[in-house]
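Here's the structure we're looking at; comments come further down.
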Amino acid sequence: MNFKDLLERGVVEKFTPDAEKIQTLQERALKDLASARTLGGGDPEWVYVISYEAMLRAGKCLLLARGYRPRGRDIPKAIITAMAAVGGEPLKALVNLMDLMRRRRAQALDEMNRPIPRYEGEQALEHAEKFVTHALRLARKSHTQLTLFR
């Protein structure tokens with residue numbers, strides 16, 4: 001699948017890149033990672049949730065940098081679908097994990113009787129660090145006005 005397919009399916013729409021908005025998303029994704037690291041093992045559920053949010057923001061940053069934005073009622077799902085299509089091989093496995101994290105996060109927030117164990121929080125942070133690093137690197141290649149943070 002490519003951007004043309006995503007456009008036809010209504011997953012994304014063309015968008016004029018806004019360097020300030022893209023920069024803000026990039027900064028927020030990095031702040032989310034820092035927050036998740038700070039929490040560490042203290043609260044694995046929030047480490048998990050914040051790690052997922054960092055991935056989501058980095059994915060959206062990459063889409064916007066390439067001139068597209070997610071569409072539809074389920075924006076997180078649209079971002080994940082688009083990232084699976086255009087993120088390339090290095091992101092493919094991480095995007096699959098991100099989709100699992102999306103579902104697990106919803107369960108953790110909606111069903112308080114299913115807590116996230118420490119090891120899942122730690123794994124989520126590990127996956128998020130890899131995903132965010134790669135997605136932001138691709139975003140900076142696509143949109144040269146982005147400031148290099150890493």
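Quick note: the coordinates plus some simple rules give every number you see, no bench work behind them. Keep in mind it's a predicted model, so treat the numbers as computed, not measured. Please note: Cβ atoms are built from the backbone with ideal geometry, for glycine as well, and neighbour counts cover all protein chains shown.
Close amide-amide hydrogen proximity is noted between Arg71 and Val12, Glu13, each under 5 Å apart and 5 or more residues distant or on a separate chain (H modeled in the peptide plane; Pro and chain starts excluded).
For the residues Asp18, Asp32, Asp110, a GNM of the chain with alpha-carbon springs under 10 Å puts the largest fluctuation on Asp110.
Please arrange Phe131, Phe15 by how many other C-beta atoms lie within 10 Å of their C-beta, fewest to most.
Details: Phe131 29, Phe15 15.
Exposure proxy ranking, most exposed first: Phe15, Phe131.
Net charge dipole, the chain: roughly 460 debye, given to the nearest 20, about the Cα centre with Cβ charges of +1 for Lys and Arg and -1 for Asp and Glu.
The alpha-carbon of Lys4 sits under 12 angstrom from the alpha-carbons of these aspartates and glutamates, leaving out residues fewer than 8 places away in its chain: Glu13.
Enter the angle in degrees (range 0 to 90, nearest 10) between the Cα long axis of helix 44-65 and the first principal axis of the Cα atoms of the chain, meaning the one along which they spread out most. The two axes meet at around 0 degrees.
Sorting Val86, Val47 by the number of Cβ atoms found within 10 Å of their own Cβ, with the fewest placed first, yields Val86, Val47. Once a ≥ b ≥ c are taken as the square roots of the eigenvalues of the Cα gyration tensor of the range 1-96, is the result rounded (a/c under 1.5), prolate (a/b larger than b/c) or oblate (a/b not larger than b/c)? Verdict is prolate for the range 1-96.
Scanning residues 5 or more positions from Ile116 or on other chains, those with amide H under 5 Å from its amide H are Glu45, with H placed 1.01 Å from N in the peptide plane. Just checking the listed ones, Leu138, Leu94, Leu109: in the Gaussian network model of the chain with Cα springs under 10 Å, the one fluctuating most is Leu109. In the elastic network of the chain, a GNM with C-alpha springs shorter than 10 Å, the most mobile of Glu27, Glu126, Glu89 is Glu89.
Of all lysines in the structure, those lying under 24 Å Cα to Cα from Lys31, and not within fewer than 8 positions of it along the same chain, are Lys21, Lys60, Lys77, Lys92, Lys130, Lys141.
Once the Cα atoms are used to define both axes, helix 19-39 deviates from the longest principal axis of the chain by about 10 degrees. Exposure proxy for Ile22, Ile116, Ile79: other Cβ atoms within 10 Å of each Cβ, ordered fewest to most, give Ile116, Ile22, Ile79. Against the main long axis of the alpha-carbon atoms of the chain, helix 89-110 sits at an angle near 50°. Ranking Tyr52, His134, Leu6 by how far each Cα lies toward the positive end of the dipole of the chain (charges on Cβ) leaves Leu6 at the top.
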